[in-house]
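Peer 1: Let me give you the structure first, and then I'll get to my questions.
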């Protein structure tokens, strides 16, 4: 899809690991979690295994915010992993998720991002389904009068409902799973992660401010890594560093759940950055520029609307959700894996019902930090793209993750890769690697 | 799509003169962007200008978020400065093509200071990554309100509404 993806070193069925040896086996390097093999980012086989074991496995996948489908009959076209689904609110207000694939011939029937309907009708042969995904009507089910045809006598509609997923909601956020025996969402998230999740989703009704969508030509796991990697934040993003949104030496935290799959990258903005930093720290951060001054600094203001010690929390919820609280700009990012070399990102930005005009405009102004044109957002997209190109094109075959030693999980230092190692400890278990 | 853009235009002669003037404005504006002279971007805006780039999906639904959202010349200047001096991204060239300029409303005579002119124009934004092909990065439309100050037109409001909802990675430079 992304045309620049097809340029150098990329041919149709190119799989780097196959070039290395005919009888290549996916065996994790003997160094363990301090060594990350390139093939987890490039291999079509690994990608297929991820879809089966992770996205279609025992995980809760984000599919919608309830604020997007507030009324009976409202629906949203969404995805679980790469699989198209529909999120629908029934007349009794319950939320349902089913595959966006007609039970007849497989047509992806729902084409609108958001809408309201009484029923879903496949455009090809007009099979119709109710708001929970049950097959309602088949045209000419009994054939044409006098000419026969039609379905066999023993055909039962109830055997041909849309494939339904397990659904749960938590404070206005809708998750779905292909697994039928999932633990409750609170347990899945863990108390460590719930704590900051419940700051953004505290029961206040959300007000949707709008959407961004982009294709990021990099493996889906790289986005999780990016937000479990506090080290990059202080080095790549001049904006964060210069204007004190996050600097080495200020109060930061990288919190993970006990399994290591979810994370919260947290920081507390110092009141005065220049004073918070000593000269040695400034020197290490080559992007720190004391001479930078904003003509209009309003958009970096922090309105203390949350009961939290952190001014920023970026949460990675395994396997497909990012919850962004960057000062007062709030949003979620829905990750849709798109082959080993690509992911689609769906951003939903929001505020709260009851925000006054000035607060809404503050959130809109602060939105310049994030998204595919954000002062921070576009740099992450570029860096992840560069990483994917590096692992795809180079004959070298692994990366190194040694900051902080061999530990996994929660850390207080930002010069540490424990959270990424923790995620891959969990990943290896799920993937049998 | 935007309120006021379905209005009947004023008299034909005024429309023709303003259309030519706005076409010239676009030419200079796009030339500035396409040669990367972002430090002059702010010169095209009035002090209290609103500048927003957003998808057609958002615009149609009345959602206010901007991929880029600037209130006033200060924010416009800051974004230009950030792109020129702080942002990390792969080198690229951009080319804008504008057409179908349509004058939709004039408040005042059009030629007198303080006149407001509403117009819409189609744009095509091509991106060439230095090691890649040239691609259509955005197909979109400007919904503009110009104000005449000191004889020249300045942008009071520019809504860049793109149909290319799924962005190829990111949008670095302004539209």
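Peer 1: Given the conditions (1) more than 13 Å from chain A (Cβ to nearest Cβ); (2) touching a helix residue (DSSP H, G or I) at 6+ places or on another chain (Cβ under 8 Å), which single one is not true for residue B:84?
Peer 2: Answer for residue B:84: the failing condition is (1).
Peer 1: State all residues of region A:82-141 that are part of a loop (DSSP other than H, G, I, E, B) and touching a helix residue (DSSP H, G or I) at 6+ places or on another chain (Cβ under 6 Å); if no residue qualifies, say none. It would help to see each step written out before you state the result.
Peer 2: Within region A:82-141, the first condition is being part of a loop (DSSP other than H, G, I, E, B), and the residues that meet it are A:82, A:90-94, A:100-113, A:117-119, A:122-127, A:130-134, A:138-141.
Once the filter is applied, which keeps residues that are part of a loop (DSSP other than H, G, I, E, B) and touching a helix residue (DSSP H, G or I) at 6+ places or on another chain (Cβ under 6 Å), region A:82-141 yields only A:103.
Peer 1: Based on what the data block shows, is residue A:299 buried (at least 21 other Cβ atoms within 10 Å of the Cβ), within 14 Å of chain B (Cβ to nearest Cβ) and not in a strand (DSSP E or B)?
Peer 2: Details: buried (at least 21 other Cβ atoms within 10 Å of the Cβ): yes; within 14 Å of chain B (Cβ to nearest Cβ): yes; not in a strand (DSSP E or B): yes.
Considered against the rule, which asks whether it is buried (at least 21 other Cβ atoms within 10 Å of the Cβ), within 14 Å of chain B (Cβ to nearest Cβ) and not in a strand (DSSP E or B), residue A:299 comes out as yes.
Peer 1: Here are some residues: A:109, A:79. Which one is touching a residue at least 40 places away in the same chain (Cβ under 8 Å), in contact with a strand residue (DSSP E or B) (Cβ under 8 Å, 6 or more places away or on another chain) and farther than 26 Å from residue A:203 by Cβ?
Peer 2: Details: A:109 fails: touching a residue at least 40 places away in the same chain (Cβ under 8 Å).
Every option except A:79 fails the conditions.
Peer 1: If you don't mind, another one. Tell me, which strands (runs of 3 or more DSSP E) lie completely within region A:146-243 with 2 or more residues that are buried (at least 17 other Cβ atoms within 10 Å of the Cβ), in contact (Cβ under 8 Å) with a residue 12 or more places away in the chain and more than 14 Å from chain B (Cβ to nearest Cβ)?
Peer 2: The strands (runs of 3 or more DSSP E) meeting that bar are A:166-170, A:173-177.
Peer 1: Continuing with this model, one more query. Of the conditions (1) more than 10 Å from chain A (Cβ to nearest Cβ); (2) over 21 Å from residue A:374 (Cα atoms); (3) over 14 Å from the mean Cα position of the chain (by Cα), residue B:61 fails just one. Which one is it?
Peer 2: Residue B:61 satisfies all of (1) more than 10 Å from chain A (Cβ to nearest Cβ); (2) over 21 Å from residue A:374 (Cα atoms); (3) over 14 Å from the mean Cα position of the chain (by Cα) except (1).
Peer 1: Considering (1) facing chain A (nearest Cβ under 7 Å); (2) free of Cβ contacts under 8 Å to residues at least 60 places away in the same chain; (3) surrounded by 18 or more Cβ atoms within 10 Å (Cβ to Cβ), say which one residue B:90 fails and leave the rest.
Peer 2: Condition not satisfied by residue B:90: (3).
Peer 1: Another question, if that's okay. Considering only region B:156-175, how many residues are outside any strand (DSSP E or B) and either within 14 Å of the chain's Cα centre (by Cα) or on the phi < 0 side of the Ramachandran plot (or both)?
Peer 2: 9
Peer 1: One residue is enough: does region A:365-384 have a residue meeting the conditions buried (at least 19 other Cβ atoms within 10 Å of the Cβ), touching a helix residue (DSSP H, G or I) at 6+ places or on another chain (Cβ under 6 Å), more than 12 Å from chain B (Cβ to nearest Cβ) and more than 14 Å from residue A:226 (Cβ to Cβ)?
Peer 2: No, that holds for no residue.
Peer 1: Also, I was wondering about something else. Report whether or not residue A:20 is closer than 30 Å to residue B:127 by Cβ and either modelled with pLDDT under 60 or away from chain B (no Cβ under 14 Å) (or both).
Peer 2: Working: closer than 30 Å to residue B:127 by Cβ: no; either modelled with pLDDT under 60 or away from chain B (no Cβ under 14 Å) (or both): yes.
No.
Peer 1: Based on this model, can you work out whether residue A:243 counts as under 30 Å from residue B:57 (Cα atoms) and modelled with pLDDT under 85? First the steps, then the outcome.
Peer 2: Working: under 30 Å from residue B:57 (Cα atoms): no; modelled with pLDDT under 85: yes.
So residue A:243 does not fit the description; no.
Peer 1: Kindly indicate whether any position in region B:140-155 is part of a helix (DSSP H, G or I) and within 30 Å of residue A:294 (Cα to Cα). Break it down stepwise before answering.
Peer 2: We begin by selecting, within region B:140-155, every residue part of a helix (DSSP H, G or I); these are none.
Looking for residues that are part of a helix (DSSP H, G or I) and within 30 Å of residue A:294 (Cα to Cα), one finds none in region B:140-155, hence no.
Peer 1: Now, a different point. Residues that are on the phi > 0 side of the Ramachandran plot and either in contact with a strand residue (DSSP E or B) (Cβ under 7 Å, 6 or more places away or on another chain) or at the interface with chain B (Cβ under 10 Å from one of its Cβ atoms) (or both): does region A:307-330 have at least one?
Peer 2: Narrowing region A:307-330 to residues on the phi > 0 side of the Ramachandran plot: A:327.
Keeping just the survivors that are either in contact with a strand residue (DSSP E or B) (Cβ under 7 Å, 6 or more places away or on another chain) or at the interface with chain B (Cβ under 10 Å from one of its Cβ atoms) (or both) gives A:327.
The answer is yes; a qualifying residue exists.
Peer 1: Now for a different question. Identify, from the list B:46, B:37, the residue that is away from chain A (no Cβ under 12 Å), in contact with a helix residue (DSSP H, G or I) (Cβ under 9 Å, 6 or more places away or on another chain), surrounded by fewer than 19 Cβ atoms within 10 Å (Cβ to Cβ) and within 17 Å of residue B:142 (Cβ to Cβ).
Peer 2: Working: B:37 fails: within 17 Å of residue B:142 (Cβ to Cβ).
Sole residue among the options that is away from chain A (no Cβ under 12 Å), in contact with a helix residue (DSSP H, G or I) (Cβ under 9 Å, 6 or more places away or on another chain), surrounded by fewer than 19 Cβ atoms within 10 Å (Cβ to Cβ) and within 17 Å of residue B:142 (Cβ to Cβ): B:46.
Peer 1: Can you tell me which residues in region A:351-362 are facing chain B (nearest Cβ under 9 Å) and touching a residue at least 24 places away in the same chain (Cβ under 8 Å)? Walk me through how you get there before you give the answer.
Peer 2: As a first pass, look at region A:351-362 and keep what is facing chain B (nearest Cβ under 9 Å): A:360-361.
A:360 - this is the single residue of region A:351-362 that is facing chain B (nearest Cβ under 9 Å) and touching a residue at least 24 places away in the same chain (Cβ under 8 Å).
Peer 1: Additional query: For residue B:76, all conditions in the list (1) at the interface with chain A (Cβ under 9 Å from one of its Cβ atoms); (2) over 14 Å from the mean Cα position of the chain (by Cα); (3) under 30 Å from residue A:297 (Cα atoms) hold save one; what is the number of the exception?
Peer 2: Condition (2) is where residue B:76 drops out.
Peer 1: Please find, within region B:160-171, the residue that is nearest to the other protein chains (Cβ to nearest Cβ) out of those that are surrounded by fewer than 21 Cβ atoms within 10 Å (Cβ to Cβ) and in contact (Cβ under 8 Å) with a residue 12 or more places away in the chain. Break it down stepwise before answering.
Peer 2: Kept after step one, since they are surrounded by fewer than 21 Cβ atoms within 10 Å (Cβ to Cβ), are these residues of region B:160-171: B:163-166.
Imposing the further condition that a residue be in contact (Cβ under 8 Å) with a residue 12 or more places away in the chain reduces the set to B:163-165.
Working: B:163: 12, B:164: 10, B:165: 6 Å.
Among those residues, the one meeting the criterion is B:165.
Peer 1: Here is a list: A:371, A:404, A:351. Which entry is modelled with pLDDT of 95 or more and either over 18 Å from the mean Cα position of the chain (by Cα) or within 26 Å of residue A:281 (Cβ to Cβ) (or both)? Steps first, please.
Peer 2: Numbers: A:371 fails: either over 18 Å from the mean Cα position of the chain (by Cα) or within 26 Å of residue A:281 (Cβ to Cβ) (or both); A:404 fails: modelled with pLDDT of 95 or more.
Answer to the selection: A:351.
Peer 1: Could you tell me whether region B:104-127 includes any residue that is within 14 Å of chain A (Cβ to nearest Cβ), touching a strand residue (DSSP E or B) at 6+ places or on another chain (Cβ under 7 Å), over 25 Å from residue B:24 (Cβ atoms) and surrounded by fewer than 20 Cβ atoms within 10 Å (Cβ to Cβ)?
Peer 2: Of region B:104-127, the ones within 14 Å of chain A (Cβ to nearest Cβ) are B:125-127.
Next cut, touching a strand residue (DSSP E or B) at 6+ places or on another chain (Cβ under 7 Å) only: B:125-127.
Next, from what is left, pick out any that are over 25 Å from residue B:24 (Cβ atoms): none.
Among the residues of region B:104-127, not one is within 14 Å of chain A (Cβ to nearest Cβ), touching a strand residue (DSSP E or B) at 6+ places or on another chain (Cβ under 7 Å), over 25 Å from residue B:24 (Cβ atoms) and surrounded by fewer than 20 Cβ atoms within 10 Å (Cβ to Cβ), which makes the answer no.
Peer 1: Report the residue count in region A:24-51 for those that are more than 23 Å from residue A:217 (Cα to Cα), in contact with a helix residue (DSSP H, G or I) (Cβ under 6 Å, 6 or more places away or on another chain) and part of a helix (DSSP H, G or I).
Peer 2: Qualifying residue count, region A:24-51: 1.
Peer 1: If you check A:411, A:407, which single one turns out to be away from chain B (no Cβ under 13 Å) and without any contact (Cβ under 8 Å) to a residue 24 or more places away in the chain? Steps first, answer last, please.
Peer 2: On the way: A:411 fails: without any contact (Cβ under 8 Å) to a residue 24 or more places away in the chain.
Result: A:407 is the single residue among A:411, A:407 that is away from chain B (no Cβ under 13 Å) and without any contact (Cβ under 8 Å) to a residue 24 or more places away in the chain.
The values are calculated or read from the model by the stated rules, or taken from the named source; none is laboratory data. All values reported here derive from a predicted model rather than from experimental measurement. Ideal geometry is used to build each Cβ from the backbone, glycine not excepted, and the neighbour counts take in all protein chains shown.
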